[in-house]
Amino acid sequence: MKKNIGYRLGRFTRYIMNRMTQQEDIMRQKGVPSFLVKIPRYAVLATVTGLLLIGAYYLFLVVAILALGVLFVSTEYRIGYYSGGPKGPGHYTSGRHFFEDDDDPLF
């Protein structure tokens, strides 16, 4: 038997679907209408699809929160004095390095 998790998962899924088909055949032989026989299969598919969509939503939410966190923690827009700034020690306003003896207005 293969050790690959995808192979084992596919084999298990095939086993479950074959069991459901056998159960559907038994129910049809007992006289149950075919549209009622398919309900458990559709319920399982709807549940799996819903769980996958919910997982994708939460994954997107976590990635968006991390992206916003990186944006707000970013050091590109420094305001105030920094001894280890990207252009050396000094004062920074909106990422622009200036010296105290500059005559340029800050704003």
Being part of a helix (DSSP H, G or I) and modelled with pLDDT of 90 or more is the filter here, so list the residues in the stretch 29-42 that pass it. Q29
Can you work out which of the residues in the stretch 1-49 that are surrounded by fewer than 11 Cβ atoms within 10 Å (Cβ to Cβ) and among the basic types (K, R) is farthest from the chain's Cα centre (by Cα)? K30
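The values are calculated or read from the model by the stated rules, or taken from the named source; none is laboratory data. What you are looking at is a predicted structure, and each value in this text was computed from that prediction instead of being measured. So basically every Cβ, Gly included, is an ideal-geometry build from the backbone, and we count neighbours across all protein chains shown.
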